[in-house]
Amino acid sequence: MKIALFASGSGSNVEAILQAIRAETLYTTPAFVFSDRPNAPVLEKAKRYGVSTHMFRPRDFDSKQQYEESLLQLLDNYDVQWVVLAGYMRLLGATIVEPYTHRIVNIHPSLLPAFPGLDAVGQALGAGVEKTGVSIHYVDAGMDTGEIIQQETVPITSEDTKTSLEEKIKRVEHQLYPETLQQLFEERSKGVLQRDETGIDKCQ
Ligand code: GRF
């Protein structure tokens with residue numbers, strides 16, 4: 001099972017996933033880390049783990065479609081089965097979403113469907129809710145609208161600032177993302193085994 005990781009920023013979730021692979025609690029092969037930002041710290045982190053990196057910027061292409069066709073070519077070249085988004089700050093278009101339906105996952109810092117989109121932590125604080133959390137979901141063409149795979153609640157206290165809440169959420173994310181990916185890959189590979197035994201595809 002080969003994965004590609006897409007990230008635009010610091011890459012703490014990418015690092016948690018690479019650590020879990022190294023610790024053999026997550027069984028998968030990281031084909032490469034892709035970033036759409038040349039200075040994204042995630043690129044250096046990936047190199048420290050000996051993982052290949054690729055970077056190109058949408059603005060260097062004539063259209064979003066051409067940008068995503070290059071990305072798709074990269075996924076093909078490495079024979080990638082799953083795309084794992086971890087702070088990738090762009091909406092994926094049909095060029096990638098369609099061929100990878102139910103094989104792209106994302107992590108979002110709220111209990112979806114509450115607070116989709118940008119600054120989910122700020123949105124939760126602004127709304128004055130008592131709890132928020134983390135959601136892991138399949139990616140469809142919408143903004144954080146795909147089917148939810150896993151969620152975990154994070155309580156908000158009156159002392160919480162945006163920084164403290166972000167830290168609490170990240171701690172949960174770093175645990176939950178590798179665990180959920182492992183479960184997902186195990187379930188899928190059991191599905192494939194069932195299909196092999198019975199000749200019927202029960203996986204998809
Ligand atoms: C995470 O909070 C994730 O939920 C969101 O973007 C953030 C990425 O953080 N999609 P990092 O780059 O993994 O530290």
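The values are calculated or read from the model by the stated rules, or taken from the named source; none is laboratory data. Treat the numbers as computed from the prediction; the structure is a model and nothing was measured. Note: ideal-geometry Cβ built from the backbone for every residue, glycine included; neighbour counts use all protein chains shown.
Tallying residues that are outside any loop (DSSP other than H, G, I, E, B) and touching a residue at least 24 places away in the same chain (Cβ under 8 Å) within the stretch 72-119 yields 16.
Each residue in the stretch 130-149 was checked for being in contact with a Phe, Trp or Tyr (Cβ under 9 Å, 6 or more places away or on another chain) and either under 13 Å from V105 (Cβ atoms) or exposed (fewer than 15 other Cβ atoms within 10 Å of the Cβ) (or both), and 8 of them qualify. For the stretch 1-17, state whether one or more residues are modelled with pLDDT under 95 and touching a helix residue (DSSP H, G or I) at 6+ places or on another chain (Cβ under 8 Å). Yes, that holds for at least one residue. If I filter the stretch 80-98 for residues that are basic (K, R), within 16 Å of the ligand (Cβ to nearest atom) and surrounded by 15 or more Cβ atoms within 10 Å (Cβ to Cβ), do I get at least one hit? Among the residues of the stretch 80-98, not one is basic (K, R), within 16 Å of the ligand (Cβ to nearest atom) and surrounded by 15 or more Cβ atoms within 10 Å (Cβ to Cβ), which makes the answer no.
Which ones in the stretch 150-165 are touching a residue at least 24 places away in the same chain (Cβ under 8 Å) and either surrounded by 14 or more Cβ atoms within 10 Å (Cβ to Cβ) or among the aliphatic types (A, V, I, L, M) (or both)? Passing the criteria: Q150, Q151, E152, I156, D160, L165.
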